[in-house]
Amino acid sequence: MIQYILRRLLVALPILLGASLFTFGLVRWIPGDPILIMLGTDAMGADVEGIRRLYGLDRPWPVQYVEWLAGVLQGDLGLSIRTRLPVGQSILQRLPVTIELTALSLLLGLLIGVPAAVLAATYRGKTADTLVGIVSLLGISVPGFWLAILLMLFFSLHLRLLPSIGYVALHEGPLDNLRHLLLPALGLALPLGATIMRFMRSSLLEVFGQDYFRTARAKGLTYVRAVNKHALRNALIPVVTVIGIQIGRLLGGAVIVEQIFALPGLGRLVFDGIAMRDYPVVQGTVLVFTALFILINLLVDLLYGVIDPRVRLTTQ
């Protein structure tokens, strides 16, 4: 197992290198000069050139990339052009918000998708199955940012049940923290829950047709116990695969959702960095997003062995 983890980490290195190179080149193709955005269009030429030399932006792109990569290998993601603060410090301050949002969205997605899948599979071809299918199709089709705005309009402005913007840290008030994160998490969780439901319904129907499930029912095991003991665990493997892929969608959706709900997370940090052409912030944040996605997918692969011991043999 340790050798398997080490192999996966070695494979992750070129992925991180490719992501850093792609991001480095892409942000520099965005129109706009970060120094002029910071100083204003009326800034004197000497001031502009002095700041550009200070941040190393007067050097050729390959030289800038090598210098930045050398700093990354030493744990230094550079200084923000906009705030002049270390990028790593800004990421560490905002990372807990994004992790909280992603974890809550994943939990809500599972709480929505798994029971709905069991309901649809149990009443296959009946009204409940049709209704769940329609709702899941809407959940997949509706854009996440539009869904987030609808949730804000309904629960915050119309019903006045939940705050529309802002954030309270978990240690300052767990209940207030949940109230501020619930709407943005729902905006990410509903499409995720719809995806989980569709995949798990198909997986459950396949399990229901297996001999071991029919044998369990024939021996007198109740339907609920047969589902909980035999069906759910065997139906979870393809769902876990989907969840690993959907984590990337959650992290990407956080960029828009955090901006809509004014959450001080990594998504808003990278959004502001793109708007201000803050190259070090965008590069460092995308690199952290990529590392998180790789780490989560590694954990998903290891989770296979917990769900199905047969998979464990292939990972040693």
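Bear in mind that the values in this text are calculations on the coordinates, not laboratory data. Everything quoted here is computed from the prediction, not taken from an experiment. Reconstructed Cβ throughout: ideal geometry from the backbone, glycine too, with neighbour counts over all protein chains shown.
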Phi-derived 3J(HN,Hα) across region 209-214 with the Karplus relation (6.51, -1.76, 1.60, θ = phi - 60°), rounded Hz, x for Gly and Pro, is x, 7, 5, 5, 6, 5
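Which longest run of the chain has no exposed loop site in it, a site being trypsin sites (Lys or Arg not before Pro) in a DSSP loop with at most 16 other beta carbons within 10 Å, and the site itself not part of the run? Working shown, then result.
Working: sites that count: ARG84, ARG124, LYS126, ARG160, LYS219.
Here the longest run is 220-316.
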Taking the Cα-to-Cβ direction at LYS229 and at LEU119 and moving 7 Å from each Cα, how far apart do the two end points lie in nm? 2.6 nm
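So how much slack lies between LEU138 and LEU175, counting 0.36 nm per residue of separation and subtracting their Cα-Cα distance, in nm?
Once the chain is fully extended between LEU138 and LEU175, it gains 10.3 nm.
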Mind checking Rg over Rh on region 89-149, alpha carbons, Kirkwood formula for Rh? 1.17
Give the Cα extents of region 173-237 along the principal axes, in whole Å, largest first. 50, 23, 15
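What FRET efficiency comes out for the pair TRP146/LEU13, r = Cβ-Cβ distance, R0 = 30 Å, nearest 0.05? Kindly include the intermediate steps, with their values, before the conclusion.
Values: r = 38 Å, r/R0 = 1.26.
Approximately 0.20, to the nearest 0.05.
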Whole-Hz Karplus ³J(HN,Hα) for region 142-156, in order, using 6.51 cos²θ - 1.76 cosθ + 1.60 and θ = phi - 60°, x for Gly and Pro? 6, x, x, 5, 5, 4, 5, 5, 4, 4, 5, 4, 6, 7, 9
Between SER156 and ALA103, what is the label-point separation in nm under the 7 Å Cα-to-beta-carbon projection? 2.3 nm
Charge-dipole axis of the chain as Lys and Arg at +1 and Asp and Glu at -1 on Cβ define it, positive-most pick from ALA120, LEU9, ILE51: ALA120
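Once the piece of chain linking ALA291 and ALA128 is laid out straight, how much longer is it, given 0.36 nm per residue of separation minus the C-alpha distance between them? Can you show the working numbers first?
Details: separation 163, 0.36 × 163 = 58.68 nm, distance 4.04 nm.
Difference between extended and current length: 54.6 nm.
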Report the calculated FRET efficiency for ILE165 and ARG59 (r = Cβ-Cβ distance, R0 = 35 Å), to the nearest 0.05. 0.30
Whole number please: convex hull volume per residue of the Cα set in region 1-132, in Å³? 215 Å³
Cα extents of the chain along the three principal axes, largest first, in whole Å? 85, 55, 35
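Take the alpha carbon atoms of region 109-253, find their radius of gyration, then divide it by 2.2 N^0.38 Å using N residues; give the quotient. Mind showing how you got there, number by number?
Numbers: Rg = 18.1 Å, N = 145, 2.2 N^0.38 = 14.6 Å.
Taking the Cα Rg and dividing by 2.2 N^0.38 Å, one obtains 1.24.
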